[in-house]
1. Under 8 Å between Cβ atoms, at least 6 apart or on separate chains: pull out the pairs that start in the range 108-119 with a residue that is more than 17 Å from residue 199 (Cα to Cα) and end on any residue that is buried (at least 24 other Cβ atoms within 10 Å of the Cβ) and modelled with pLDDT of 95 or more.
2. Yes or no: the range 221-239 includes at least one residue that is surrounded by fewer than 18 Cβ atoms within 10 Å (Cβ to Cβ) and closer than 24 Å to residue 48 by Cβ.
3. I'd like the full set of residues that are in contact with a strand residue (DSSP E or B) (Cβ under 8 Å, 6 or more places away or on another chain), more than 27 Å from residue 192 (Cβ to Cβ) and buried (at least 21 other Cβ atoms within 10 Å of the Cβ), limited to the range 27-53.
4. If we only count helices (runs of 4 or more DSSP H) wholly inside the range 140-240, which ones have 1 or more residues that are more than 27 Å from residue 75 (Cβ to Cβ) and in contact with a strand residue (DSSP E or B) (Cβ under 6 Å, 6 or more places away or on another chain)?
5. Identify all residues within the range 66-84 that are under 13 Å from residue 107 (Cβ atoms) and touching a strand residue (DSSP E or B) at 6+ places or on another chain (Cβ under 9 Å); write none if there are none.
6. Just wondering, is there one or more residues in the range 129-144 that are surrounded by 16 or more Cβ atoms within 10 Å (Cβ to Cβ), more than 18 Å from the chain's Cα centre (by Cα) and either modelled with pLDDT under 95 or farther than 29 Å from residue 26 by Cα (or both)?
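The values are calculated or read from the model by the stated rules, or taken from the named source; none is laboratory data. Every value quoted in this text rests on a predicted model; they were computed, and no experiment measured them. Neighbour counts are summed over all protein chains in view; Cβ atoms, including those assigned to glycine, are modelled from backbone coordinates with ideal geometry.
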C-alpha cells in the first residue's frame, strides 16, 4: 500500500491509498457515510484483484484520517465533494478509472458528475448506493442517525454500534466488527450532522450516464432498501442489476467472493 496525501482546492488534506498492480486497469473506491477506506480491505487485499488492477481508496472529508473541519459550509456544496474526487484522481495519477461507489458514495459520485462530468470515468459500480433522496427507499437502519449526532458519548456510541450492526444481514466476526466500530467512531458528531444536513440533491445525473454501469444491492439491506438499487438501474440506460439474496448493506463484505468476481469481470469488460 502506498499512502498519498491529497490537497483539495479548498485546502483540506485527504488521506488516499494506492494498492495492487501499478500497470493494471484502474478502480477508485468511494466509501459511505461514517465509514473509511478500511471498509474495502477485502477488495484491496484480494490477491487476484491486486494482481490485475490498480486500486485507489481514500477517506472522504470529515472521515477516517482526512481533515475534519468544524464549519458546516465545508460540507454543504456539491462542488466541494466533486472537487475532492477530482483531486484524488489527479494526485494518484488515475486516468480513466471504474468508480465503485458505496452507500453515500453514490451522492459523492453524483456531486462529481454534476461538477466535472463523466469524461474521465470508464464505468460505475453502484454498491447499495444512495442515488435519490426518497424516504420510501430508506430503511430502518437509519433510525440510529439521531444518536450518532449526539455530543453525549454514551448515546453516540450506542447509535454508532447500532448503525454498524444495521449494515449487515450476515454479521461480521467480532474482531472485524470492532475494527469497523473503531473507524466509524473516528467521525465526530459535528461532521455527521453537517453531512446529513447537506441540501438534498436530485437524481437527474443518472439519465445522463453513458458509460457501463453495474448496480449491486442486497435484498436484505436495512439502510437503503433494495428498491433503491432497482430504481438506480431503471434510470440508467443498459445498466446491469445484480441483487444479492439475503445480503444487507455490505455485499462486498458479506459475499466477498461473488462481489470481487463480478467487479473483476465488470472492470475487465470496460474500455
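1. Taking only residues 6 or more apart or on different chains, the pairs are 116/85.
2. No - not one qualifying residue is present in the range 221-239.
3. The answer is 27, 49, 53.
4. Ranges flagged: 226-235.
5. The answer is 84, and nothing else.
6. As a first pass, look at the range 129-144 and keep what is surrounded by 16 or more Cβ atoms within 10 Å (Cβ to Cβ): 129-132, 137-139, 141-142, 144.
Add one more test, that the residue is more than 18 Å from the chain's Cα centre (by Cα), and what stays is 144.
Within this subset, residues satisfying the condition of being either modelled with pLDDT under 95 or farther than 29 Å from residue 26 by Cα (or both) are 144.
Looking for residues that are surrounded by 16 or more Cβ atoms within 10 Å (Cβ to Cβ), more than 18 Å from the chain's Cα centre (by Cα) and either modelled with pLDDT under 95 or farther than 29 Å from residue 26 by Cα (or both), one finds at least one in the range 129-144, hence yes.
One line per residue, one yes/no per condition, for (1) within 15 Å of residue 36 (Cβ to Cβ); (2) modelled with pLDDT of 95 or more; (3) over 19 Å from the mean Cα position of the chain (by Cα):
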site: 166; (1), (2), (3): no, yes, no
site: 177; (1), (2), (3): yes, yes, no
site: 180; (1), (2), (3): yes, yes, no
site: 186; (1), (2), (3): yes, yes, no
site: 190; (1), (2), (3): no, yes, yes
site: 196; (1), (2), (3): no, yes, no
site: 201; (1), (2), (3): no, no, no
site: 207; (1), (2), (3): no, no, yes
site: 213; (1), (2), (3): no, yes, no
